[in-house]
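Heads up, the thing below is written out as structure tokens.
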């Protein structure tokens, strides 16, 4: 395999999830008590968690998207966090409607509206990206000064702190604390520059109070006849909206002409090229290393997805910096 070729991922079929019958009896009874008898279950094929997520249809033909997981697991905590964020988001944004959330027999259950549409990125089209970028611009404007309840729901490790702690592949290599990612010996020629770029990000994003999605990718967007809807808000945190825009666009590297889109987007108008490149360097290194870790049986496409994201980030970065890539 060419290490610099992003592997293909079918984002509609990445998950391994339990079926309806594998949920605890009490959880199913609670769901049916709220929705009515469930006559049809379509388990979601997208995503990278092994938790229950499915479209449920009741006897009246009404459909709901339901997530459920043991409340003490990271997936159960994610359900409760997403519910808190969705409940706190300003009205009128292109996001799912929160119907209800409950903890039942130790399981966190989240019920959302069903979004009819398709996942973009199979491959990316200009129309789908335009819709996604328009939704991102609307959300970014609304969350630039978030209400206190949203800031609280999205509290925790902010983007700047996350970048400082985790987006440090090249700085660690320069300090001699770690080697270069396997297959990326060519980056040694640019290690000083990579380290400098990566190191810009924590300082340049410190003190930002706006709220960002932090996981804006193809399978967290549904394109409808009316535009794009951004889903899966459990990773929301304080941070710059432009970083979401950069990481959304990198997913289309090699498919669309993304640099003009980056330059034209309202979130990136005042962001320097070096800081954008710093995010690409940090994210690229982190995702490549993540993608080279041990295979996860409960999420068989996770490592492939991570590696593909990392390679695209590094390819875009190399193109922007004029670096030759083997």
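The values are calculated or read from the model by the stated rules, or taken from the named source; none is laboratory data. A quick note: this is a predicted structure, and the numbers were derived from the prediction, not measured. In this analysis, Cβ positions are derived from the backbone assuming ideal geometry, glycine residues included, and neighbour counts consider all displayed protein chains.
Quick notes on this one:
- Matching residues, region 10-46, being over 27 Å from residue 300 (Cβ atoms) and assigned to a loop (DSSP other than H, G, I, E, B): 36, 37
- So residue 146, is it crowded, with 17+ Cβ neighbours inside 10 Å, touching a strand residue (DSSP E or B) at 6+ places or on another chain (Cβ under 7 Å) and either assigned to a loop (DSSP other than H, G, I, E, B) or not assigned by TED's automatic domain parsing to the domain that holds residue 218 (or both): yes
- Checking residue 223 against (1) touching a strand residue (DSSP E or B) at 6+ places or on another chain (Cβ under 7 Å); (2) crowded, with 24+ Cβ neighbours inside 10 Å; (3) outside any helix (DSSP H, G or I), the condition it does not meet: (2)
- Looking only at region 30-53, and only at residues there that are surrounded by 17 or more Cβ atoms within 10 Å (Cβ to Cβ) and either modelled with pLDDT under 95 or touching a helix residue (DSSP H, G or I) at 6+ places or on another chain (Cβ under 7 Å) (or both), the one that is nearest to residue 79 (Cα to Cα): 51
- Within region 168-186, the set of residues being touching a residue at least 60 places away in the same chain (Cβ under 8 Å) and surrounded by 11 or more Cβ atoms within 10 Å (Cβ to Cβ) comprises 168, 169, 170, 181, 183, 184, 186.
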